[in-house]
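Here's the structure we're looking at; comments come further down.
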Amino acid sequence: MKKLFLSMIAMLFAFGGFSQQLLESKSTYFEIRKYYANEGKLPDLIKRFEDHTMALFEKSGMENIAYFLPADNTDNSMTYILGYPDQKSRDRMWEKFSNDPEWQKAKKESEINGGLVKSVDQTFMKLAPGLNDTSKPRPSGIFQLRTYTCFDGKLDNLITRFKDHTQDIFEKQGLRNYPYWVTVEKDGSQPKLVYLLADKDQASFEKDFQNFLKDPAWVKARDASEADGKIVEKVDAQFFKTLPFSPMK
């Protein structure tokens, strides 16, 4: 009973911090969707989202979190993040959206000259415990989506290091903490840590991140946390800029 109570308290703290970053957010389950557009169709896809899709997502109960284009868009893609009240509601909401006559009409009209989307990548996530109690950052000009794959059994060590040290040192160096998540892996493998880090522009980000890596406080925290072995196996990172209609800025 005590463990259940402590788990509920932890969830409340995580949700409360996330609410600071996304006011009135009620989502606890999230999805990153990356759309690869057919040749020449990305502008049409973006317009469909702005004119129709976003409103119909909300109508179906989903929450629009953020909409991005890669800073260097070499794969003709756009990426966005949706929130859901819980994991069980996700499929129900998508079914409602897909069957909505307004969506079917908008989709058909937008694809008169051919389909817009070639393929879709999906990542499912929940809030990372203890990492979402930072205050809402000021709007940013560049975002980096960072995904950490840990060595087996090391995810909790990574989360502790972020909570106790990394987030504060990011802020100290001028970097801005946005929401933090852990992935929901369908195959039962160890979740990954996923988060958004931002700055006013890419040049500032790169300078501030290099200063972070050289910060004695970070070096000390990293070395202490790795006394029993390395924590992070690999990091994937990509720069994004928000689309004008993105709720998250």
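The values are calculated or read from the model by the stated rules, or taken from the named source; none is laboratory data. What you see is a predicted model; the values in this text were computed from it and never measured. FYI the Cβ positions are ideal-geometry reconstructions off the backbone, even for glycines, and counts take in every protein chain you see.
Structure notes:
- Scanning segment 111-161 for residues that are among the hydroxyl-bearing types (S, T, Y) and at pLDDT below 95 returns T134, S135.
- Criterion: surrounded by 14 or more Cβ atoms within 10 Å (Cβ to Cβ) and farther than 23 Å from A66 by Cα - qualifying residue of K172, K192: K172
- Residue within segment 186-203 that is acidic (D, E) and either within 27 Å of K126 (Cα to Cα) or outside the structural domain of D156 (by TED's automatic domain parsing) (or both) present: yes
- Considering segment 34-63, and only residues there that are aliphatic (A, V, I, L, M) and farther than 11 Å from N76 by Cβ, the residue that is surrounded by the fewest Cβ atoms within 10 Å (Cβ to Cβ) turns out to be A55.
- One residue stands out in segment 24-59 among those that are acidic (D, E) and under 22 Å from D91 (Cα atoms): the one that is farthest from the chain's Cα centre (by Cα), namely E58.
- Checked against the criterion of being touching a residue at least 40 places away in the same chain (Cβ under 8 Å) and charged (D, E, K, R), segment 173-183 has no qualifying residue.
- Considering segment 105-126, the residues that are without any contact (Cβ under 8 Å) to a residue 60 or more places away in the chain and over 28 Å from the mean Cα position of the chain (by Cα) include one that is surrounded by the most Cβ atoms within 10 Å (Cβ to Cβ), namely E111.
- Of all residues in segment 202-248, those satisfying the criterion of being small (G, A, S) and either at pLDDT below 95 or within 23 Å of S77 (Cβ to Cβ) (or both) are A237, S246.
- Residue list for segment 189-211, filter: under 19 Å from S135 (Cβ atoms) and in contact (Cβ under 8 Å) with a residue 40 or more places away in the chain: Y195, L196, L197, A198, D199, K200
- Matching residues, segment 127-149, being closer than 27 Å to D75 by Cα and surrounded by 17 or more Cβ atoms within 10 Å (Cβ to Cβ): S140, I142, F143, Q144, L145, T147, Y148, T149
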